Amino acid sequence: MITLIDGLSLGSIYALIALGYTMVYGIAKMLNFAHGDIIMVGAYAIMVTLAATVSPIAAIVAAIVICTILGILVEKLAYKPLRGASPLAVLITAIGVSYFLQGLAQLVFGSQPKPVGSAWKLPAIEAINSLGITTAAAVTLVCGIIIMIALTLFINCTRTGSAMLAVSEDRGAAILMGVNVNKIISITFAIGSALAAFAGMFYLFQIPNTEPTLGAMPGITAFTAAVIGGIGSIPGAMVGGVLLGVIEKFCLASPLAPYTVAIKFSLLILILLVKPTGLLGKVVREKV
Amino acid sequence: MAMLEVKNIEVCYGMIRAIKDISFEINKGEIVALIGANGAGKTTTLHTVSGLLKPTAGQVLFDGKDISKIPAHRIVTMGMAHVPEGRRVFQQLSVLDNLKLGAYTRTDKKEIAENLKKVYDHFPRLAERKHQIAGTLSGGEQQMLAMGRALMSNPDIILMDEPSMGLSPLLVKEIFAIIEELHKSGATILLVEQNAKMALSVADRAYVLETGSIAMSGDAKEMLNNDDIKKAYLGQ
Ligand SMILES: Nc1ncnc2c1ncn2[C@@H]1O[C@H](COP(=O)(O)OP(=O)(O)O)[C@@H](O)[C@H]1O
Ligand SMILES: [Mg+2]
């Protein structure tokens, strides 16, 4: 039961990150391999703001604002000039952006892990802690669910949300509705990066250290989750993320612990063999 | 002044010139047909008018203003709607969501609601199926949805690309009856068709496109009786 809660909690972190991959893929038709590094920037933003203000709230707000702006900037400066270029060129650029952000963090903060600060602590909640559930796990799970519900409502019930769905299904037809695709892509990067900031925050609740490569492992795991769920599918990213989180925690709690990573990635291969479009992925017809 | 004036446009795909020096015009309230065989350049011409493609030479004047360098999504706001070839409704969204997207450029909720009622009057079948997912509609219904979606922007001019494509003769009749109905209510329509007979029977004027150039133009009813047209496009 506790393992399940821990797994769901870790899974909602993966899901939040996976949503960024899947939304950007659906709408901009590109794999943003720098997405994991946005989490890392968010973590450093929390550390720096915490050192300056001692206020976790200020740190969280700063992380969200900085990551959102960074996401928009990366798209404008690195990806937008490549609109219409070959997917390989875009992919290589994304990997370049990833190394750039990691290198920059190393330059500014050094390569060693740094504690995020003593002010970064969640209060004990007796009622659940006595059950063996950490406050971090509970907060992550509850917030993760709320964020995912909010996102689902936004996508399905707002004008901008339906424009996003339209662009992801048929960009040309969306333009003919008067949708400004550049604006929608910007908004997508903004939302994806804000979700990455939340993920960074939850991550620091579990492991309160920052380092330049912090985003790499959660990033690649969440990417795997997005592919398992069906890349481009929003519910798919949520399901894939939660699934991987739960599997990871159960593996770690079993004799299979040393093989956890291998098991996670084998699951990807297994699912793609059975259903090449991912669990909730749809077969999309190519359009001219 | 013509509502839409296409002046000497040339359009290329890379090195291939698909449209060579085409000019035509449409006046307010007219249905103008653009007919021609497969590959003649009809779709390319429509894409250039609505801004999805940019001409390498020439101008597209809409209400006297050159729109050939304006992004397509802004041209929609100026009052042009384009029903694309193959319908291209949003398959995964409901009928109602598709129609709402048609009104994406508008903000007045009351006007949108009135417009929706008008669309449902033209297409009662869309009203019956408003919560159905568009991908599950039949071809004819999807064509109706694509047309209704275009009407939701309350356009001054509608471009239609082969509305009869892939439909049974009965449905083709139904779609063209609606086009005539729209014509009667004052709509201005640029109609692209391979089905020349149907197109000429509803149009006021027509242009014949042959491998990227205009081969003939004139009154639609006269063309219906023209021997060359009969032989080449009407199968008579
Ligand atoms: N995306 C494209 N790339 C290259 N050539 C194209 C493209 N689309 C159309 N063409 C070519 O341009 C010409 C006109 O095509 P199109 O406008 O689709 O004709 P129509 O709509 O009359 O059937 C054809 O020769 C076609 O092969
Ligand atoms: Mg065509």
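Residues in segment A:79-103 that are closer than 19 Å to A:GLY219 by Cβ and open to solvent by less than 80 Å² (accessible area, probe 1.4 Å): A:TYR79, A:VAL90, A:LEU91, A:THR93, A:ALA94, A:ILE95, A:GLY96, A:VAL97, A:SER98, A:LEU101, A:GLN102, A:GLY103. Just one residue in the set B:LEU145, B:LEU137, B:LEU190, B:LEU116 is open to solvent by less than 50 Å² (accessible area, probe 1.4 Å) and either within 16 Å of ligand 2 (Cβ to nearest atom) or touching a strand residue (DSSP E or B) at 6+ places or on another chain (Cβ under 8 Å) (or both); that residue is B:LEU190.
Within segment B:24-37, is even one residue in contact (Cβ under 8 Å) with a residue 24 or more places away in the chain, open to solvent by 30 Å² or more (accessible area, probe 1.4 Å) and within 16 Å of ligand 2 (Cβ to nearest atom)?
Here is the first cut: in segment B:24-37, the residues in contact (Cβ under 8 Å) with a residue 24 or more places away in the chain are B:24, B:26-37.
Those still in the list that are open to solvent by 30 Å² or more (accessible area, probe 1.4 Å) too: B:27-28, B:37.
Still in the list and also within 16 Å of ligand 2 (Cβ to nearest atom): B:37.
Checked segment B:24-37: at least one residue is in contact (Cβ under 8 Å) with a residue 24 or more places away in the chain, open to solvent by 30 Å² or more (accessible area, probe 1.4 Å) and within 16 Å of ligand 2 (Cβ to nearest atom).
Tell me, please, whether a residue that is within 15 Å of ligand 2 (Cβ to nearest atom) and either closer than 20 Å to B:MET147 by Cα or at pLDDT 95 or above (or both) can be found in segment B:88-106. For segment B:88-106, residues within 15 Å of ligand 2 (Cβ to nearest atom) and either closer than 20 Å to B:MET147 by Cα or at pLDDT 95 or above (or both): present. The set of residues from segment B:55-108 being within 16 Å of ligand 1 (Cβ to nearest atom) and within 13 Å of chain A (Cβ to nearest Cβ) comprises B:ALA72, B:HIS82, B:VAL83, B:PRO84, B:GLU85, B:GLY86, B:ARG87, B:ARG88. B:HIS47 meets all of the listed conditions (1) free of Cβ contacts under 8 Å to residues at least 60 places away in the same chain; (2) near ligand 1 (Cβ under 9 Å from one of its atoms); (3) assigned to a strand (DSSP E or B) but one, namely (3). Determine, yes or no, whether B:ASN27 is more than 10 Å from chain A (Cβ to nearest Cβ) and within 27 Å of B:GLU181 (Cα to Cα). Yes, satisfied.
Criterion applied to A:ILE149, A:ILE128, A:ILE145 was being at pLDDT 95 or above, surrounded by 14 or more Cβ atoms within 10 Å (Cβ to Cβ) and more than 14 Å from every other protein chain (Cβ to nearest Cβ), and the one residue passing it is A:ILE145. The residues of segment B:38-75 that are within 16 Å of ligand 2 (Cβ to nearest atom), touching a helix residue (DSSP H, G or I) at 6+ places or on another chain (Cβ under 9 Å) and open to solvent by 50 Å² or more (accessible area, probe 1.4 Å) amount to a single one, B:LEU52.
The values are calculated or read from the model by the stated rules, or taken from the named source; none is laboratory data. The model shown is predicted, which means the values in this text are computed figures rather than measured ones. Backbone-built Cβ (ideal geometry, glycine too); neighbour counts: all protein chains shown. Please note that ligands, DNA and RNA were not included when accessible areas were found on the heavy atoms of the full protein model with its side chains. Shrake-Rupley method; radii C 1.70, N 1.55, O 1.52, S 1.80 Å.
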